[in-house]
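A.B. asks: There's a structure below that I have some questions on.
The values are calculated or read from the model by the stated rules, or taken from the named source; none is laboratory data. Since the structure is predicted, the reported quantities are computational estimates derived from the model, not experimental observations. Virtual Cβ from ideal backbone geometry, glycine too; neighbours counted across all protein chains shown. What goes into the accessible areas is simple: the full protein's heavy atoms, side chains included, and nothing from ligands, DNA or RNA. Shrake-Rupley method; radii C 1.70, N 1.55, O 1.52, S 1.80 Å.
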Amino acid sequence: MTHLLENLNPPQREAVLTTEGPLLIFAGAGSGKTRVLIRKIAYLLEQKKTVPERILAVTFTNKAAGEMRIRLNNMLGSKADRVTMGTFHSINARFLRKEAHRLGYTRDFTIYDSDDSLQLIRAVMNDLTINAASLTHHGMKYFISDCKQNMLLPHEAKIEVRGDFLGEKKVQIYHAYQQRLKNNNAMDFDDLLIMPLFLFKQFPDVLTFMQYRWDYILVDEYQDTNRAQFLFLQAISERHHNICVVGDDDQSIYGWRGADIRNILEFEQTFPNATVIKLEQNYRSTGMILKAASALVKKNKNRKDKTLWTKSEEGEKIIFHQASSDHDEANYIAKMIKENYLKGFHYRDHAILYRTNAQSRQLEEALINRQIRYIIVGGTRFYDRKEIKDILAYLRVLVNPKDQLSLKRIINSPARGIGKTSLERLEHFANETHRTLWEALQYPDEAGLKGVSAHHVKNFLSMMLALKERLNLLTLTDGVIEVLEKTGYKSAYEMDNASKENEERLKNLEEFVNSASEFEQNNEEATLENFLQDISLLTDIDQWEDAADAVVLMTLHSAKGLEFPIVFISGLEDGLFPLERAKKNDDELEEERRLFYVGITRAMKRCILTCARQRRRYGNWMPSLPSSFIDDIPLECLKKTGFTKKTSSNDFLFGFNESEITPTFRHRSPQMSWNSASSSKRETKKGISLQLSPSQKICVGDCVMHKIFGKGKVLEAVHSSQPAFRVAFQGGVVKIIAAKFLQLLE
C-alpha cells in the first residue's frame, strides 16, 4: 500500500484513505486533485477488494476522462479499463440505451447536438407559424434548456407561465419540440441528464438496480454540476452513501449555463455525516501569484474559507500594464512574447486569456505581424466565426455579385422568406438560361416563383442594389455599419436578450466594425475591395498554427484545468471584465471574480494583466477604466506599468495626457464647414480646433465643462451644421455636444 501513498501530503493521504460514507474534497487550484482521484481508485481496488466494474468515476469532459484512464492504466494495467468512467452525458447515454424503451424510445435513438436542436426548434416554430419578434430560435433554445435543467416538462412549465401570453407561446413551442424529438426517436443533450430521473420516478426497480450497480462513486469538478446532475448522484448513492466529490467553489464559473454552486456549498446538509478535507497546498504557482489570487477571491462572500499556499519560490510580482488602446495592448503582449522567445522560452509556454471571443481579433493580428505561431482553443479564428463569415459574404456579393457561394450563404440570412424551394427554382432558372444566380434574382416570376416568394426575392435584390449604390458614397467603416443595419443582420441578434450566444455574436460584429475602422485609419486606399483582400490574406495564413510550439489563445472559461508558465489576461476593464451586466447582480459579480481567480491561478511563473485606456466600439474610441477587480489585489503583489501621472485637476479621465489622445476624426471631405459666421477652423497638433470666440478655442484632447454632464474630455470633432464635438464625460458617458454648450477648462 505504501506506493499508493507515496509523494502525497497529509490531506491528500487522508483523502485517499477515506473510503466509506460521503466525502467532500475541496481541491484548490493546482493542489493535485487528479493524482488524489487516481490513487483513490487504485486504493479501492487493491485494499477494499472491490472490482473495477463496481467503481464509477464521473468527469466533466471526455478529455479529462481519457487522461485519467491513461494514468490509471499506467498504474494498474488493463483492469483500469473496466472502471466505469466518463462524463454525465456519456454514462447516462449508455444507461438509456438499455432502459429508454420504458419511455417509448428504441435503443438506437439519435442524440441531437446543439445545432440539431436549433434546427428542430426552427422547424417547429415555422410549422406553428410563430414569428413574434421577441421569440427567436436561440432564445427558445435557451428557454427549453433552462426548463429541462430545472426538471420542468412542458405540462409543468405551462403551470409556471399561466397568464403570461409570451410564456405560454414558449411552452407551446417547447411541447411541440419535445413531441417532435419523440417522433424522431431522438434526445437532446439535456434529455440525457433528465430522462434517467424520470425513469427512476416511474420505475422504482430501475432505481434499485442503479443503486446496487456501483459500490463507490467519485465525481470530479463537482462545483459545475447542475440540478439534474445533483439529483442523479443523490439518487444512485442513496443506498451506500459512498460518494466522493472533488471540487472548488472558488472555481465555480458556469452558473450561466445551469451550474449551481449550492451543490458543493451545501454538500454537508445534503449528505449528513460527510467528511470534509481541504487540499490547500499548491504545486503550480509561485507564492506571489497565490497571494494575489487568494486576496482576490476572499472578497467573495459566498464561499468556504480556505487559503492556497506553496513551498515554491516567492516569484515575481504580477505586472499590470495599461496600454493607450486595445491595439497597443495587443502589440504589448505580442512584443513581450517575442522577447521571451528570443530569451529561450517556447511559444507554448505562453497563454493569452480574455473574457470574450471578440477580443481575439486584435491579438491574432498582433501575433501574426510578429510571426508568432498561435492556436485558438475553445473557439474558431475570428474571421472564421459564423457571424463574421456571414457579413463578409454580404460584402463580397456587393463587390462581386458573381460570387454564388457567398450569395447562397446570405440570401436567407437573416430569414427573409427565400427558402430552399425558391432558391432551387432560381438556381434551375439560372442554369437553364445561362445566367448567374445574381442575374436570376431579377426574374423571379420567370423562374417560377409566385406571389410572396417572388416579392421576397425582389425585396432582397432591391436592398442589395441600394447598398451597392450607398457603398460608393460612404467611408469603409460607415459602409460596413450600413450593411449590418440595412440587411437586418445586427438587429436579428439584438432581438434576443436571453441568449448568451447571441450576446457573443454581437460583440464579434462590433469587433468586425473596429477592424474596418482600423484598416481605414491605417491605409490611404481603404476601399472595400482592399479590405476584403486584406482579410482573405490574413485568414489564409495557417502556417502559424503549429500545435507543437504555439502561443495558446482562449477565453478564461476554456482555461480552467490548464496551466502555463506565463499567462496574460487581457481586457481588464470595467464593463468588459467584469461584464457590465454582472455589476448589477451580486451573484454574477462573484462569479466574474471567480473567473478572474481561475485565470490568475493558471500561471506557474509569471502573470501579466493588461487593460487599455480606450477601446474601439463600432468604430469609435470609447474611454475605459481599469477593472474594479484590480483593487482586490494587494498593492505589494502588483507592478504597474504604462500608467500616466495626472498632471492637473483637469486631467481626470483615465490617466490620459495630450500625447496619448488618438484623434478619431475622419476627413469625409476636403473641407469641413459649419453655418456659423463667427466660427473658424484650423489644424493643431491635437487635431481639429474651433475658434468659438476671441477667448475660447477648443481642441481635441481638451478638458471641457457641460452644465448637465459635468467634466469631459474632447475625443473628436463631428461633422454637423454647427460646431460640435464628441466628448467623454466621467462615468464612461460619451455624447455629441454642440460646441456652444461647452466651456473650456484651463
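A.B. asks: How tilted is helix 326-342 with respect to the longest principal axis of the chain? Cα atoms for both, answer in degrees (0 to 90, nearest 10).
C.D. replies: 60 degrees
A.B. asks: Using a cut-off of 21 Å between alpha-carbon atoms, which lysines can reach residue 740, once sequence neighbours fewer than 8 places away in the same chain are excluded?
C.D. replies: Cross-link targets: 681, 686, 697, 707, 711, 713.
A.B. asks: Right, next: In the full protein assembly as shown, how much of residue 51 is accessible to a 1.4 Å probe, in Å² to the nearest 10?
C.D. replies: My reading of the accessible area for residue 51 is about 70 Å².
A.B. asks: Right, next: Answer rounded, prolate or oblate for the stretch 157-272, using the Cα gyration tensor with square roots of eigenvalues a ≥ b ≥ c: rounded when a/c is under 1.5, else prolate when a/b is larger than b/c, else oblate. Mind showing how you got there, number by number?
C.D. replies: Values: a/c = 2.30, a/b = 1.44, b/c = 1.60.
It comes out oblate by the Cα gyration axes.
A.B. asks: Could you work out how far helix 114-127 tilts from the main Cα principal axis of the chain, as a 0 to 90 degree angle to the nearest 10?
C.D. replies: Orientation of helix 114-127: about 70 degrees from the principal axis.
A.B. asks: Setting aside same-chain residues fewer than 8 positions from residue 490, which lysines have a Cα under 21 Å from its Cα?
C.D. replies: 141, 386, 389, 408, 468, 500, 507
A.B. asks: Just subtract the alpha-carbon distance of residue 402 and residue 19 from 0.36 nm times their residue separation and send over the number in nm, one decimal.
C.D. replies: Working: separation 383, 0.36 × 383 = 137.88 nm, distance 6.89 nm.
Length gained between residue 402 and residue 19: 131.0 nm.
A.B. asks: Right, next: Taking 0.36 nm per residue of sequence separation and subtracting the Cα-Cα distance, how much length would be gained by fully extending the chain between residue 94 and residue 47, in nm to one decimal? Could you put the intermediate results ahead of the total?
C.D. replies: Values: separation 47, 0.36 × 47 = 16.92 nm, distance 2.89 nm.
The span from residue 94 to residue 47 would gain 14.0 nm if fully extended.
A.B. asks: Turning to a different aspect of this structure: Looking at (i) 221; (ii) 204; (iii) 159, which value of volume of the Cα convex hull per residue in Å³ comes from a calculation on the structure shown?
C.D. replies: Checking each listed value against the structure points to (ii).
A.B. asks: Under the 0.36 nm per residue contour assumption, what length would be gained going from the current alpha-carbon distance of residue 108 and residue 134 to full extension? Don't skip to the end; give the middle numbers.
C.D. replies: Details: separation 26, 0.36 × 26 = 9.36 nm, distance 3.64 nm.
Extra length available between residue 108 and residue 134 comes to 5.7 nm.
A.B. asks: Leaving out ligands, DNA and RNA, and with a 1.4 Å probe, what % of the accessible surface on the chain is carbon or sulfur?
C.D. replies: On the way: 16230 of 33460 Å².
So the carbon and sulfur contribution to the accessible surface is 49 percent.
A.B. asks: Quick one: compute the contact order of the chain, relative version, from alpha carbon pairs under 8 angstrom and 6+ residues apart, as a percent. List each step's numbers first, then the result.
C.D. replies: Details: 1204 pairs, mean separation 103.3, N = 746.
That works out to 14 percent.
A.B. asks: Okay, moving on. Considering only protein heavy atoms, what is the solvent-accessible area of residue 348 at a probe of 1.4 Å, reported in Å² to the nearest 10?
C.D. replies: 110 Å²
A.B. asks: Angle, helix 500-522 long axis vs. longest principal axis of the chain, Cα atoms, 0 to 90°, nearest 10?
C.D. replies: Long axis of 500-522 versus the principal axis of the chain: about 40 degrees.
A.B. asks: Let me know the shape class of the stretch 341-451, please: from the alpha-carbon gyration tensor, a ≥ b ≥ c as square roots of the eigenvalues, rounded when a/c is under 1.5, otherwise prolate if a/b is greater than b/c, or oblate.
C.D. replies: Working: a/c = 4.50, a/b = 3.10, b/c = 1.45.
Prolate shape, in that a/c is at least 1.5 and a/b is the bigger ratio.
A.B. asks: Ignoring ligands and nucleic acids, what accessible area does residue 71 show with a 1.4 Å probe (Å², nearest 10)?
C.D. replies: 110 Å²
A.B. asks: I would also like to ask the following. In nm, give the distance between the simple-model label positions of residue 262 and residue 473, each being 7 Å from the Cα along the Cα-to-Cβ direction.
C.D. replies: 5.8 nm
A.B. asks: Along the Cα→Cβ direction, 7 angstrom out, place labels at residue 423 and residue 439. What is the inter-label distance in nm?
C.D. replies: 2.2 nm
A.B. asks: Can you compute the FRET efficiency between residue 339 and residue 706 using 1/(1 + (r/R0)^6), with r the Cβ-Cβ distance and R0 = 45 Å? Round to the nearest 0.05. Each step should come with its number before you reach the end.
C.D. replies: Numbers: r = 44 Å, r/R0 = 0.98.
So the FRET efficiency works out to roughly 0.55.
A.B. asks: Cut-off 19 Å, label point 7 angstrom out along Cα-to-Cβ of residue 638: give me the residues of the stretch 560-576 whose amide nitrogen falls inside.
C.D. replies: 567-576
A.B. asks: Modelled label-to-label distance, residue 371 and residue 459, 7 Å Cα→beta-carbon offset: nm?
C.D. replies: Taking the simple label geometry, residue 371 and residue 459 are separated by 5.3 nm.
A.B. asks: Got a sec? What order do 495, 187 fall in by accessible area at 1.4 Å, biggest, i.e. largest, first?
C.D. replies: Working: 495 95, 187 0 Å².
The ordering from most to least exposed comes out as 495, 187.
A.B. asks: I've got another one for you. Add +1 for every Lys or Arg and -1 for every Asp or Glu among the other residues with Cβ under 10 Å from the Cβ of residue 167, and state the total. If you can, show how the numbers build up before the last one.
C.D. replies: Numbers: positive: 158, 162, 169, 170; negative: 160, 164, 168.
My count for the surroundings of residue 167 gives +1.
A.B. asks: Then there is this: For the chain, what is the accessible area per residue in Å², given a 1.4 Å probe and the full set of protein chains? Present the calculation step by step, with values, prior to reporting the outcome.
C.D. replies: Numbers: 33460 Å² over 746 residues.
Solvent-accessible surface per residue comes out at 45 Å².
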